[in-house]
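Everything on this sheet refers to the single structure shown next.
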Amino acid sequence: MRNDIFSLEGRTALVTGGAYGIGFAIAEALAEAGARVAFNCRSRENLDAAMEAYRAQNIEARGYIADVTDEEAVRALVAQIENDLGAIDILVNNAGIIKRIPMTEMSAEDFRQVVDIDLVGPFICAKAVIPGMIKKGRGKIINVCSMMSELGRETVSAYAAAKGGLKMLTRNICSEYGAANIQCNGIGPGYIATPQTAPLRERQADGSRHPFDSFIVSKTPAGRWGTPDDLKGPAVFLSSDASNFVNGQILYVDGGILAYIGRQP
Ligand code: NAP
Ligand code: GCO
């Protein structure tokens with residue numbers, strides 16, 4: 001059979017924050033492409049619900065409780081996955097949070113928490129898996145960036161700072177470990193319908209659409225919010241041999257929003 005450069009057969013993948021949302025869809029896609037899949041999250045309730053959801057999709061995912069900001073816990077997570085599934089070939093740094101607070105009203109603690117999870121967490125996880133990838137002679141690291149790696153907007157200063165930093169961490173891992181045949185790229189989702197963006201899509205008291213919902217739809221050439229499934233193909237591409245000469249890039253999966261000035265009112 002023609003060598004399928006998109007196949008992930010025999011590969012072990014860790015998707016952080018893969019209990020639901022974008023991470024769940026990416027983990028599903030990697031499993032459908034043949035990978036053995038592990039995910040982590042902080043909440044036992046979310047993990048149990050996720051295991052049910054994976055089983056319902058006939059996916060034998062392994063779930064682990066681990067906070068990506070806890071270096072000891074991540075080291076133990078990587079060791080446990082290596083024991084259960086084999087050394088990690090693919091790391092998807094997906095776990096992330098957002099706090100929408102006007103900057104002058106945001107505490108330094110809130111700012112630090114967002115940066116800790118969205119930027120330091122990916123650093124900790126990448127640092128934990130790279131030695132094993134070097135030993136194997138190959139590896140794939142995919143950082144889930146954001147449109148806010150490129151653009152700002154009101155109330156998301158911490159998130160934009162973290163995601164901007166994650167874009168540069170992506171380029172630096174590429175620079176530092178490309179010679180070890182490790183490819184590190186980013187996926188930059190546009191506005192995706194997940195629990196994280198639910199507050200931006202809530203129906204108003206009169207049943208009308210949230211103003212931000214209408215704004216995003218008007219700003220997106222595709223004329224819709226993305227869904228987690230829109231990220232499946234790009235994630236398989238960046239996890240597979242099909243992208244072995246792609247390194248340090250951010251692949252935006254945004255329906256064209258970053259390219260578009262917006263419809264004249
Ligand atoms: P989500 O629905 O809020 O899911 C976040 C996931 O991360 C959950 O499984 C959560 O589970 C886990 N998580 C959060 N903090 C964690 C931590 N410290 N350690 C381990 N797991 C943690 O978010 P999403 O919309 O799917 O977004 C996923 C990623 O895509 C994030 O990095 C986000 O910034 C990025 N993104 C989202 C959009 C969008 O429009 N939705 C667009 C661009 C980029 P627990 O709470 O149980 O830990
Ligand atoms: C927001 C949204 C965005 C999306 C995403 C866009 O409040 O503006 O949450 O930040 O999550 O990052 O790419």
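The values are calculated or read from the model by the stated rules, or taken from the named source; none is laboratory data. Just so we're clear, the structure is a prediction, and the values are computed from it rather than from any experiment. Glycine also receives a Cβ, built like all others from the backbone with ideal geometry; neighbour counts cover every protein chain displayed. In case anyone asks, the SASA skips ligands and DNA or RNA and just uses the protein heavy atoms, side chains included. Shrake-Rupley method; radii C 1.70, N 1.55, O 1.52, S 1.80 Å.
Mind listing just one residue for me: the one in region 55-80 that is more than 19 Å from the chain's Cα centre (by Cα) and either charged (D, E, K, R) or assigned to a strand (DSSP E or B) (or both) and, of those, farthest from ARG138 (Cα to Cα)?
The residue in question is ARG55.
Taking region 178-195 as the search range and keeping residues that are more than 7 Å from ligand 1 (Cβ to nearest atom), hydrophobic (A, V, I, L, M, F, W, C) and under 16 Å from the mean Cα position of the chain (by Cα), which one is surrounded by the most Cβ atoms within 10 Å (Cβ to Cβ)?
CYS184
So for region 203-219 (the condition being loosely packed, with under 14 Cβ neighbours inside 10 Å and in contact (Cβ under 8 Å) with a residue 12 or more places away in the chain), does at least one residue qualify?
If we filter region 203-219 for residues that are loosely packed, with under 14 Cβ neighbours inside 10 Å, which is where we start, we get 203-209, 211, 214, 218.
If we keep only those that are in contact (Cβ under 8 Å) with a residue 12 or more places away in the chain too, we end up with 218.
Among the residues of region 203-219, at least one is loosely packed, with under 14 Cβ neighbours inside 10 Å and in contact (Cβ under 8 Å) with a residue 12 or more places away in the chain, which makes the answer yes.
Of the residues in region 99-110, how many are assigned to a loop (DSSP other than H, G, I, E, B) and either of a type in the set (Ser, Thr, Tyr) or buried (at least 20 other Cβ atoms within 10 Å of the Cβ) (or both)?
1
Name every residue in region 47-64 that is open to solvent by 30 Å² or more (accessible area, probe 1.4 Å), of a type in the set (A, V, I, L, M) and within 16 Å of VAL92 (Cα to Cα), in order of residue number.
Result: no residue meets the conditions.
Look at THR170 and say whether it is surrounded by 17 or more Cβ atoms within 10 Å (Cβ to Cβ), within 21 Å of the chain's Cα centre (by Cα) and within 14 Å of ligand 2 (Cβ to nearest atom).
Here the answer is no, as THR170 does not meet what is asked.
ARG153 fails exactly one of the following numbered conditions: (1) open to solvent by less than 70 Å² (accessible area, probe 1.4 Å); (2) of a type in the set (Lys, Arg); (3) in a helix (DSSP H, G or I). What is the number of that condition?
(3)
What about ARG55, is it charged (D, E, K, R) and either touching a strand residue (DSSP E or B) at 6+ places or on another chain (Cβ under 7 Å) or within 19 Å of ASP118 (Cα to Cα) (or both)?
no
When ASN247 is evaluated against the numbered criteria (1) open to solvent by 30 Å² or more (accessible area, probe 1.4 Å); (2) more than 29 Å from VAL129 (Cα to Cα); (3) of a type outside the set (Lys, Arg); (4) in contact with a Gly (Cβ under 9 Å, 6 or more places away or on another chain), which criterion, by number, is the only one it fails?
(2)
Residues are listed down the side, and each one gets a yes or a no for (1) under 27 Å from CYS174 (Cβ atoms); (2) free of Cβ contacts under 8 Å to residues at least 12 places away in the same chain; (3) part of a helix (DSSP H, G or I):
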site	(1), (2), (3)
GLU82	yes, no, yes
ALA95	yes, no, no
VAL114	yes, no, yes
CYS125	yes, no, yes
PRO131	yes, yes, yes
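Any residue in region 40-63 that's within 10 Å of ligand 1 (Cβ to nearest atom): show its pairings with residues that are of a type in the set (Asp, Glu) at Cβ separation under 7 Å, as long as the two are six or more apart or on different chains.
Qualifying pairs under 7 Å: ARG42/ASP67.
Among (1) over 12 Å from the mean Cα position of the chain (by Cα); (2) away from ligand 2 (no atom under 12 Å from the Cβ); (3) assigned to a helix (DSSP H, G or I), where does LYS140 come up short?
Of everything listed in (1) over 12 Å from the mean Cα position of the chain (by Cα); (2) away from ligand 2 (no atom under 12 Å from the Cβ); (3) assigned to a helix (DSSP H, G or I), LYS140 misses just condition (3).
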